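Reviewing the structure listed below.
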Amino acid sequence: METTEPALVRLTSLSHGGGCGCKIAPGVLAELLKGTSPGTPFAALLVGTETSDDAAVYRLNDEQAVVATTDFFMPIVDDPFDFGRIAATNALSDVYAMGGTPILALAIVGMPLNKLAPEQIREILRGGEAVCAAAGIPIAGGHSIDSVEPIYGLAAIGLVHPQQVRRNSQGCAGDALVLGKPLGVGIQSAALKKGRLDADGYRAMLATTTQLNRVGPELAKIDGVHAMTDVTGFGILGHLLEMCRGSGLGARIRMDDLPLLAGVRAFAEAGVFTGASARNWASYGAEVKLADQLTGTDRVLLCDPQTAGGLLVACAEASLAQVLDTFRRSGFEQAARIGTMHSGEVAVRVD
C-alpha cells in the first residue's frame, strides 16, 4: 500500500499564536508563580527568579559563571527555515542580555507529525543550526515530542565573568536608557498572518529577528553599563517595568524617541496588531502613565510583543556615547536613547 506524506501547510495556520506573542501575560504569570521558591538559599546562584531576569547565572569560580536559559514558541512566519532562525536567535538573546557568551545549545522540538511534512521539520532544524553556527556554537543534543502545534526553540548555555554579569535590576537614578533594535515585530507578524505584509516588510522583519544580540558581552565590559535586558513578549513597557521594579526606580521615556520598524504605526492605526498587546496592557497598565497627547495606537506600539527584540541598556550619562557607538559598530543602526531612570515611584511615564 502506498503512503503519502502530509501536504505542505502554512506553519502559522497550525498555531494559536506566534513568536513571543505566545508568552503568558505578565499578570497571569505572576499569579502562577506565587509561592514558588526564588532559589536564594544557593550561594553560588548569582541570578535566579527573584527579579524576572533573562537567564539563570551560577558561579563556578572567581573567573567563570554559567548562564543558562531556555526559550521556545510557535511559528511567527510560514517559512520553516526562517522560523528556525528566528527561534534560535531569540533563545540565544537571553545569554547575551546577561553579558554572557553562548557555548552550546540543546534543541527543543515539538511537531505535529501528522500535519507537517518531514522536509518542513528538517528546514526548521536547519534554520536553528544556521544561527547557532553563526554564533559559533554547536547544537549538542535536545529533545523532541509529537505535539498538537509546532514548537521550536533552544536551551542555551553560556559563560560570563562573575564581575561582568549584567542584571535587569541594577539600574541607577540618572541612567540613560538605550534600546538596540526597533519595535514593531508583533505588529508585522499580525500583518503577515493577514496577508498584508509586503516583501520589503518581511525582509525588514526577518533582518531584525535574526540579528544576534552578540553585542551584549561588549556592552557588559563598559563600566558605566549598570543594567541590561532584552525586549521580548511583554513589549518595551513590560520589560522596562521589570527593570524599574528590580532597581526600585521609575523611568521616563519619549514616544518620539522610540525606534520603530517602517510601516508599523500605519498597521497599528488600521487595527493590525496582536492580542498580546491588550493582554500586556491589562497586566501592567496601572504602573504606566501616558501623556495626554498619546493615542491608542501609541499604546499598541508600547505593548507590542517583540520576538528576538533589542537589548535595553541602563547606563551612566558619561557612558552613553560609548554605548551608542558600540551598538552602531556592531550593526545596530537604529539603536537610540529612549529615556532616563529616576528615583521616586516605581512606574513608567511616557511623554
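The values are calculated or read from the model by the stated rules, or taken from the named source; none is laboratory data. Owing to the predicted nature of the structure, the values given are computational and were not obtained by experimental measurement. Please note: Cβ atoms are built from the backbone with ideal geometry, for glycine as well, and neighbour counts cover all protein chains shown. Please note that ligands, DNA and RNA were not included when accessible areas were found on the heavy atoms of the full protein model with its side chains. Shrake-Rupley method; radii C 1.70, N 1.55, O 1.52, S 1.80 Å.
Just to be sure, is residue 177 farther than 17 Å from residue 209 by Cα, open to solvent by 20 Å² or more (accessible area, probe 1.4 Å), modelled with pLDDT of 95 or more and in contact with a strand residue (DSSP E or B) (Cβ under 8 Å, 6 or more places away or on another chain)?
no
I'm trying to understand the selection: among the residues of the range 315-351, which are of a type in the set (S, T, N, Q), more than 20 Å from residue 183 (Cα to Cα) and in contact with a strand residue (DSSP E or B) (Cβ under 6 Å, 6 or more places away or on another chain)?
Here is the first cut: in the range 315-351, the ones of a type in the set (S, T, N, Q) are 319, 322, 326, 330, 334, 340, 343.
Next, only the ones that are more than 20 Å from residue 183 (Cα to Cα) stay: 319, 322, 343.
Selection gives nothing.
In the range 138-168, which residue that is in contact with a Leu (Cβ under 8 Å, 6 or more places away or on another chain) and among the aliphatic types (A, V, I, L, M) is farthest from residue 314 (Cα to Cα)?
Here the answer is 140.
If you check 308, 276, 251, which single one turns out to be surrounded by 17 or more Cβ atoms within 10 Å (Cβ to Cβ), part of a loop (DSSP other than H, G, I, E, B) and in contact with a helix residue (DSSP H, G or I) (Cβ under 6 Å, 6 or more places away or on another chain)?
After applying the criteria, what remains is 308.
A quick yes/no check of all residues on (1) modelled with pLDDT of 95 or more; (2) touching a Ser or Thr at 6+ places or on another chain (Cβ under 9 Å); (3) charged (D, E, K, R); (4) not in a helix (DSSP H, G or I):
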residue: 262; (1), (2), (3), (4): yes, no, no, yes
residue: 281; (1), (2), (3), (4): yes, no, no, no
residue: 286; (1), (2), (3), (4): no, no, no, no
residue: 292; (1), (2), (3), (4): yes, no, yes, yes
residue: 302; (1), (2), (3), (4): yes, yes, no, no
residue: 339; (1), (2), (3), (4): yes, no, no, yes
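Which of the following residues is buried (at least 16 other Cβ atoms within 10 Å of the Cβ), in a helix (DSSP H, G or I) and among the β-branched types (Val, Ile, Thr): 137, 121, 108?
Working: 137 fails: in a helix (DSSP H, G or I); 108 fails: in a helix (DSSP H, G or I).
The match here is 121.
Among the residues of the range 197-250, write down those that are within 16 Å of the chain's Cα centre (by Cα) and hydroxyl-bearing (Ser, Thr, Tyr). First the steps, then the outcome.
To start, the set of residues in the range 197-250 that are within 16 Å of the chain's Cα centre (by Cα) comprises 205-216, 227-243.
Within the range 197-250, 208, 209, 210, 229, 232 qualify.
Would it be correct to say that residue 320 is surrounded by fewer than 20 Cβ atoms within 10 Å (Cβ to Cβ), out of contact with any Gly (no Cβ under 7 Å at 6 or more places or on another chain) and in a loop (DSSP other than H, G, I, E, B)?
Working: surrounded by fewer than 20 Cβ atoms within 10 Å (Cβ to Cβ): yes; out of contact with any Gly (no Cβ under 7 Å at 6 or more places or on another chain): yes; in a loop (DSSP other than H, G, I, E, B): no.
In short, no.
Could you grab me the full set of residues in the range 279-305 that are surrounded by 24 or more Cβ atoms within 10 Å (Cβ to Cβ), aliphatic (A, V, I, L, M) and touching a strand residue (DSSP E or B) at 6+ places or on another chain (Cβ under 9 Å)?
Result: 301, 302.
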